[in-house]
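S.K.: Structure in structure tokens, see below.
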Amino acid sequence: QVQLVESGGGLVQPGGSLRLSCAASGSIFSINAMGWYRQAPGKQRELVAAVRSGGSTKYADSAKGRFTISRDSAKNTVYLQMNSLKPEDTAVYYCNLVGRDLSSSYSVDYWGQGTQVTVSS
């Protein structure tokens, strides 16, 4: 099994910054990608940013220029630096890992428990 533990959410004023962290642990065999999704009330879960094992990144249009995803492969940890936050960024942010554990022969999605980000004055 693979466990994802998120941290760094909270309440911030518009224009402020937050840094989310997600550490993966457990019987990890390989990681294809790690990333962040978010889900606002009444909306579908959407991709915010992801980083592949080769280092390439992908961002939602709403995150480009404001958010930066990075990873520490040695620690199986991914970070999301969020700057210039807006009220519309308010959501539960979920860490995602696509990979294999030691008992599996194929990659699957693993999810963290979610961390609340609230942007409000």
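S.K.: Looking at the chain as a GNM with Cα springs under 10 Å, which of Ala60, Ala50, Ala33 has the largest mean-square fluctuation?
M.R.: Highest fluctuation among the options: Ala60.
S.K.: Also: Remind me, relative contact order of the chain in percent, using alpha carbon pairs under 8 angstrom and six or more residues apart?
M.R.: Normalised by residue count, the contact order of the chain is 36 percent.
S.K.: In debye to the nearest 20, how big a dipole does the chain give about its Cα centre with +1 on each Lys and Arg Cβ and -1 on each Asp and Glu Cβ?
M.R.: 200 debye
S.K.: For the stretch 18-121, state the semi-axes of the equivalent ellipsoid (square roots of 5 times the eigenvalues of the alpha-carbon gyration tensor), sorted largest first and rounded to whole angstrom.
M.R.: 25, 14, 12
S.K.: Now for a separate question. Just to confirm, what accessible area per residue do you get for the chain at 1.4 Å probe, in whole Å²?
M.R.: With all protein chains present, the chain gives 52 Å² per residue.
S.K.: Measure off, as a whole percent, the carbon and sulfur share of the 1.4 Å-probe accessible area of the stretch 1-58, all protein chains present.
M.R.: The value for the stretch 1-58 is 49 percent carbon and sulfur by accessible area.
S.K.: Can you compute 3J(HN,Hα) from phi for each residue in the stretch 95-107, using the Karplus curve 6.51 cos²θ - 1.76 cosθ + 1.60 with θ = phi - 60°, rounded to whole Hz and x for Gly and Pro?
M.R.: Going residue by residue, I get 7, 10, 10, 10, x, 10, 9, 5, 9, 10, 9, 8, 7 Hz, with x marking Gly and Pro.
The values are calculated or read from the model by the stated rules, or taken from the named source; none is laboratory data. What you see is a predicted model; the values in this text were computed from it and never measured. We place every Cβ from the backbone using ideal geometry, glycine too, and count neighbours over all the protein chains shown. Quick note on the areas: whole protein, heavy atoms, side chains included, nothing else; ligands and nucleic acids left out. Shrake-Rupley method; radii C 1.70, N 1.55, O 1.52, S 1.80 Å.
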